[in-house]
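A short worksheet on the structure shown next.
Only the coordinates and a few stated rules stand behind these numbers; no lab work does. Given the structure is predicted, the values throughout are model-derived calculations rather than measurements. Every residue, glycine as well, gets a Cβ built from its backbone with ideal geometry; the counts of neighbours run over all protein chains shown.
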Amino acid sequence: MKNKVICAIIGVFFAFSFLAFALFHSPWKAFGFLHIYGLLMSLALPFAIAYLCSKDISLAKRIALILSIILALSPLTRPFFLPLVRENMSEIKSWDMAIPFNLCNISAILYLIAVLTDNQVIKNYMITFGLFGGLINNVQAHNTDRGTFWFYLTWESYFVHVLIIVIPIFMLLTNQIKPNIKKAMWNVTWILPFFLLAGFLINPAWKTNFHFTVPNSFTKAVIPTMTEPWIIFGQPVDPIFMIGVLIMTAIACTLLYILSWFIYKRCRPKFSQIPSSPNK
């Protein structure tokens, strides 16, 4: 019975989301009705599912696995769908959403690995860098110039990042992730070199913007930039902006770690009665 209730709740969430986005006469714009609705629901959903799991850890693990498999389908299917919505696919930058250098594509794969292997380092990545990527993407409203949410590059990316937000919060509430600062910090050892590689080599060479090392209208509003950036492979590279991105990311991930610890310690007992697992 409980399985059916949880499936019904998830189904109602996505069904109502479809009706809201498809039928409501509200344009797709930053902080419009649809945008705010999506943000609030992505934060409420993991608490609802965790509450319904109650004491059943095996059910909670199955749900985490199913959601992670759905998430992992994104980087696997994008190479097939991108050519259908983008006209010019002759340049590498046109494939940016399908290339696994995108941190959220990496998250989609790492989440599944973490669930399958119970790797606590990757699980602490989920509640810091992964959660940050999901939130920072969905705080923005992409492709607002089209006036509709139902454009592949918009809705697919949005729901992918909803899962990137939902899965770690749900796993925190059901004792599948225990915050550990040392394990979270281990992720810096590969993310920082990857960030620098993207900023100084991959992005200027391919004209991409992996890890947001290139300023855009959203990031320039909060992070300072150089008046005369470096030129690498004919493209501007801004080390000052990149340092700003690193500082902002460090602050955000620190706050998200504190929030995750609060959820684990204070919220989890109210939403789930699954016994605490030992620290690994």
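Residue separation times 0.36 nm, minus the C-alpha to C-alpha distance between Phe101 and Leu153: what's the value?
Values: separation 52, 0.36 × 52 = 18.72 nm, distance 1.74 nm.
Gain on stretching Phe101 to Leu153: 17.0 nm.
With +1 on each Lys and Arg Cβ and -1 on each Asp and Glu Cβ, and nothing else charged, work out how big the dipole of segment 138-280 is about its Cα centre, in Debye to the nearest 20.
Numbers: 11 positive and 4 negative charges, 176 e Å.
Roughly 840 debye, rounded to the nearest 20.
May I ask you to compute the full-extension gain from Ile57 to Gln235, defined as 0.36 nm times their residue separation minus their alpha-carbon distance, rounded to one decimal in nm? Intermediate results must be reported in sequence, preceding the final value.
Values: separation 178, 0.36 × 178 = 64.08 nm, distance 5.07 nm.
This chain segment gains 59.0 nm when fully extended.
Rounded to the nearest 0.05, what FRET efficiency do Ser94 and Thr117 give with R0 = 35 Å and r taken as the Cβ-Cβ distance? Could you check? Working shown, then result.
On the way: r = 34 Å, r/R0 = 0.96.
Given R0 = 35 Å and the Cβ-Cβ separation, E is 0.55.
For the chain, give the magnitude of the charge dipole about the Cα centre (Cβ charges: +1 Lys/Arg, -1 Asp/Glu; no others), in debye to the nearest 20.
Numbers: 21 positive and 9 negative charges, 241 e Å.
Approximately 1160 debye in magnitude.
Helix 33-53 sits at what angle to the longest principal axis of the chain, using alpha carbons and giving 0 to 90 degrees rounded to 10?
40 degrees
Mind checking which aspartates and glutamates have their Cα closer than 12 Å to the Cα of Lys207? Skip sequence neighbours fewer than 8 apart in that chain.
Qualifying aspartates and glutamates at Cα under 12 Å: Glu91, Asp96.
Just to be sure I understand the model, the point goes 7 Å from the Cα along the line to the Cβ. What's the resulting Leu40 to Leu197 distance in nm?
That separation, rounded to one decimal, is 4.2 nm.
Work out the charge dipole of segment 2-271 with +1 on the Cβ of Lys and Arg and -1 on the Cβ of Asp and Glu about the Cα centre, then indicate which of Leu172, Ile247, Val160 is farthest towards its positive end.
The residue sitting most towards the positive pole is Leu172.
So, in nm, how far is label Glu228 from label Cys267 when the simple model puts each one 7 Å beyond its Cα toward the Cβ?
4.9 nm
How far is helix 103-117 tilted, in degrees, relative to the longest principal axis of the Cα atoms in the chain, given as a value from 0 to 90 rounded to the nearest 10?
Roughly 30 degrees between the two axes.
So how tilted is helix 2-23 from the main axis of the chain? Cα-based, degrees 0 to 90, rounded to 10.
That helix lies at roughly 40 degrees to the long axis.
Past 30 Å, Cα to Cα, is the threshold; run Lys55/Lys123; Lys61/Lys93; Lys182/Lys270; Lys29/Lys178 against it and keep the listed order.
On the way: Lys55/Lys123 21 Å; Lys61/Lys93 37 Å; Lys182/Lys270 27 Å; Lys29/Lys178 36 Å.
The pairs that break the limit, which is 30 Å between Cα atoms, are Lys61/Lys93; Lys29/Lys178.
Would you grab the residues whose amide H sits under 5 Å from the one on Ile232? Only those 5+ places off in sequence or on another chain, please, with H modelled 1.01 Å from N.
Residues meeting the amide H criterion: Val237.
I'm spelling it out carefully: the read-out is Cα extents along the principal axes in Å, the candidates are (i) 98, 49, 34; (ii) 60, 47, 31; (iii) 49, 49, 38, and one was derived from this structure. Which label?
(ii)
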